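First the structure, in the form of structure tokens, and then the observations on it.
The values are calculated or read from the model by the stated rules, or taken from the named source; none is laboratory data. Bear in mind the structure is a predicted one, so any value in this text is a computation, not a measurement. In this analysis, Cβ positions are derived from the backbone assuming ideal geometry, glycine residues included, and neighbour counts consider all displayed protein chains. Heads up: the accessible areas ignore ligands, DNA and RNA and are worked out on the full protein's heavy atoms, side chains in. Shrake-Rupley method; radii C 1.70, N 1.55, O 1.52, S 1.80 Å.
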Amino acid sequence: MGMIHGDDYRESLRRVKPEVYYMGEKIDSVADHPAFIPHINAAALTYDMAWAPEFEELLTTESHLTGEKINLFTHVHHSTNDLVQKVKALRALGQQTGSCFARCVGHDALNAIYSVTYDMDQKNGTEYHKSFVNFLKEVQKEDRFISGAMTDPKGDRSLPPSQQADADQYVHVVERKKDGIVIRGAKAHITGAVNALGHLVMPTTSLKEADADYAVCCYVPVDAPGLVHIFGRQTNDDRKCSGCLMDQGNPEYGIVGGEALVVFDDVFVPREQVFMCGEYDFAFELVERFATAHRQNYGGCKVGLADVLTGATYALAEVQGTATASHIRDKLVEMVHLAETLYCCSIACSCQGYALPAGNFMADPLLANVTKLNVTRYIYEMARIAQDIAGGLLATMPSELDWGNTKVGKYVDKYLKGVTDVPAETRMRLLRLIEGMTCGTALAESMHGAGSPQAQRIMIMRRSNWERKKRLAQKLAKIGEQPKLV
Amino acid sequence: MKVAVKYCGSCNPEIALSDVGHKIERALQEAPGINVVSRRSKPIDVMVILCGCPRACGDKKRIRKRAVHCIVVAGETIDLVPVAEKDLTARVVQKVKSFSSAEN
Ligand SMILES: Cc1cc2nc3c(=O)[nH]c(=O)nc-3n(C[C@H](O)[C@H](O)[C@H](O)COP(=O)(O)OP(=O)(O)OC[C@H]3O[C@@H](n4cnc5c(N)ncnc54)[C@H](O)[C@@H]3O)c2cc1C
């Protein structure tokens with residue numbers, strides 16, 4: 001098969017029975033609950049856009065395993081062109097959804113695990129890569145949506161996994177059986193967890209020998225016994241269940257990807273779905289390769305969102321009669337400058353990507369980390385500008401229910417109007433869209449998604465050739481022995 | 001004459017690429033002697049490669065190979081010659097027709 005449609009994906013969600021809780025209640029059908037539908041719509045677009053002639057060239061590719069046409073989100077990159085294609089696809093998707101579409105995390109996990117299983121087998125004579133390739137073929141054939149579950153709750157951050165007072169603060173192996181392993185712990189903030197079909201579990205940090213039980217990477221289907229999902233709240237999420245559409249801002253695709261705390265309460269994983277078990281010395285490689293792939297993305301998807309935000313801000317300025325003021329135009333230009341700088345970063349780290357021993361390609365880690373570190377600042381700055389241009393109504397606007405009320409609706413219409421020829425409704429819709437994209441949850445995603453800023457700084461520190469930089473300076477300043485030209 | 005349309009991927013088009021594409025397809029369908037076929041069918045006489053910007057990502061060897069002639073729309077250009085967005089449809093149709101009359 002290789003490629004499915006959005007509705008096939010929705011049906012596939014109805015066929016599984018994951019244990020999902022939201023607002024204190026067990027959810028019967030994720031695919032049919034208003035809290036999840038926008039997130040499902042966004043993920044479904046990754047399927048439907050792949051069939052659209054306009055987007056086919058970005059969202060489909062050829063499997064290096066079978067030669068079949070597949071959805072980009074199940075592909076393992078085999079060239080720098082592939083890496084660039086991913087960034088462009090993410091931007092195109094972001095422009096259409098104005099929100100996270102969640103599939104990139106699992107995609108990045110596939111790429112990272114593909115290469116690290118190969119390296120482990122080369123060193124240790126294990127057979128993880130063969131199992132993983134079989135798994136990947138299945139994923140490609142079914143066009144399966146999987147989440148990438150790396151982040152552990154982590155308890156006391158000053159302590160490594162094996163020294164935590166509660167051993168379950170990091171996912172770990174509690175039993176090794178002939179036919180598989182049993183794992184316990186939790187993964188936090190997992191995007192798309194409740195509307196994926198399974199999770200690729202990976203360690204979250206570099207590990208030492210004492211942490212060997214925490215060196216576990218495996219695939220767990222969403223309805224595996226012992227797996228529990230607790231869906232996270234988002235800013236203004238009750239608007240999704242209030243019957244209001246306009247007040248949601250982006251009712252079709254929502255805000256961020258829909259994250260959940262995923263609890264592994266002694267979950268059995270069959271051997272063929274285990275891709276690392278005890279190889280603590282490869283945990284860092286896996287974390288770094290996943291993080292590089294994921295940080296590479298943020299100048300793609302977030303720039304697509306920034307295109308929407310900039311458009312909304314410009315349109316709102318027109319409605320409010322400020323669009324021709326020079327400071328507004330300057331600020332709009334600044335938004336584009338910030339967004340395109342991020343795009344430059346993602347394109348650059350992709351072009352500078354390179355092959356790994358398994359043959360697949362990874363973006364340049366230093367540049368990918370610079371990309372994501374910039375995202376932790378520039379998206380906030382764009383949001384600041386959008387809020388500046390929007391005015392205070394962004395925070396104080398009456399509900400669409402009052403606008404529709406027979407008694408007070410006329411006042412809302414009258415006093416929320418900007419320029420005379422545009423109805424108040426247009427202004428309200430734009431303001432709600434901007435509110436959703438810049439207030440609360442959406443911003444925190446740019447800060448912590450794919451790692452907090454310090455995680456990028458640590459990678460930048462590691463990847464910068466400090467000695468060479470010093471030598472370059474010493475040469476020009478004529479300090480010590482004069483080094484060669486290169 | 002069999003004509004197919006292929007898009008670049010539309011990551012961030014500088015023109016309303018979908019609209020332009022649909023207009024071109026419609027105009028070609030209405031033109032006598034022109035058959036709009038799937039981009040995967042064989043043989044294809046003319047492939048119209050629609051790209052949203054001058055980077056022209058859709059202009060690839062493997063796509064060119066599928067047709068006898070190619071016309072590359074890349075933002076507001078056709079085969080590198082500047083053409084305003086509003087004139088793209090008419091100029092593409094004109095170019096397609098020029099191939100057919102050259103072959104007759
Ligand atoms: C919207 C969203 C979506 C996400 N999606 C996913 C997903 O799909 N999959 C996934 O695996 N993860 C996901 N994440 C998790 C994300 O990667 C983490 O939030 C991020 O790595 C930070 O971890 P944390 O939230 O535990 O914060 P912390 O690690 O607690 O960080 C908080 C602060 O403490 C600092 N800090 C942390 N540890 C130390 C230490 N030892 N010493 C000193 N300072 C320290 C950090 O630098 C930071 O400033 C998502 C997060 C968000 C917000």
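Can you compute the helix-only [θ] at 222 nm over the protein assembly as shown? Use -39500 (n - 2.57) per DSSP H run of at least 4 residues, normalise by all residues, nearest 500 deg cm²/dmol. Value at 222 nm, helices only: -14500 deg cm²/dmol. In this Cβ point-charge picture (+1 for Lys and Arg, -1 for Asp and Glu), the protein assembly as shown has a dipole of about 1760 debye about its Cα centre. Split the accessible area of the protein assembly as shown by element, probe 1.4 Å, and carbon with sulfur accounts for 53%. Over the protein assembly as shown, accessible surface divided per residue gives 44 Å², non-protein components excluded, 1.4 Å probe. Note on segment A:329-486: dipole from Cβ charges, positive end direction compared against A:Ile379, A:Cys351, A:Met428; the farthest Cα belongs to A:Cys351. Per-residue mean of foreign Cβ neighbours for A:47-56 is 4 (Cβ atoms of other chains, 10 Å radius). For segment B:2-103, the number of Lys pairs with C-alpha atoms closer than 17 Å, counting only pairs eight or more positions apart or on separate chains, is 16.
Determine the shape class of chain A: with a ≥ b ≥ c the square roots of the Cα gyration tensor eigenvalues, call it rounded for a/c under 1.5, and otherwise prolate if a/b is greater than b/c, oblate otherwise. Because a/c hits 1.5 or more and a/b fails to exceed b/c, chain A counts as oblate.
Loop-resident trypsin sites (Lys or Arg not before Pro) (DSSP state other than H, G, I, E or B) in segment A:391-479 with no more than 10 further Cβ atoms inside 10 Å of their Cβ: A:Lys407, A:Lys478. Buried area at the B:A interface is about 1200 square angstrom, summed over both chains, from accessible surfaces computed with a 1.4 angstrom probe. Straight-line cross-link reach from A:Lys469 at under 25 Å between alpha-carbon atoms covers these lysines, not counting any fewer than eight positions away in the same chain: A:Lys372, A:Lys478, A:Lys484.
For segment A:83-108, a decrease in accessible area of 20 Å² or greater in the assembled protein chains relative to the isolated chain, with a 1.4 Å probe, applies to A:Lys88, A:Arg91, A:Gln95. Under the combined filter of DSSP loop state and at most 14 neighbouring Cβ atoms within 10 Å, segment A:1-103 retains these GluC sites (Glu not before Pro): A:Glu68. Think of chain A as having a plus end and a minus end, set by charges on the Cβ of Lys, Arg, Asp and Glu; of A:Thr151, A:Gly404, A:Val486, A:Val486 sits farthest toward the positive end of this dipole. Model label sites at A:Ser158 and A:Thr341, defined 7 Å from Cα along the beta-carbon direction, differ in position by 3.6 nm. Stretching A:Leu401 away from A:Cys244 to a fully extended chain increases their span by 55.8 nm, per 0.36 nm per residue minus the current alpha-carbon distance. Near A:Lys123, which aspartates and glutamates are there with a Cα under 12 Å away, not counting those fewer than 8 places off in the same chain? Leaving aside aspartates and glutamates fewer than 8 places away in the same chain, those within reach of A:Lys123 are A:Glu279, A:Asp281. Indicate the gyration tensor shape class of segment A:151-202 (rounded, prolate or oblate), computed on the Cα atoms with a ≥ b ≥ c the square roots of the eigenvalues: a/c under 1.5 is rounded; otherwise a/b larger than b/c is prolate and the rest oblate. It comes out oblate by the Cα gyration axes. When the other protein chains are added to the chain by itself, burial of at least 40 square angstrom of heavy-atom accessible area (probe 1.4 Å, ligands and nucleic acids ignored) affects these residues of segment B:38-81: B:Arg39.
Sparse packing (at most 10 other Cβ atoms within 10 Å of the Cβ) combined with a DSSP loop state is found for none of the GluC sites (Glu not before Pro) in segment B:1-56. Legend: calculated FRET efficiency, A:Thr322 to A:Glu175, from the Cβ-Cβ distance at R0 = 56 Å, rounded to 0.05, equals 0.30. Spin-label pair B:Ala84-A:Phe268: with each label point 7 Å from Cα along the Cα-Cβ axis, the two points sit 7.2 nm from one another.
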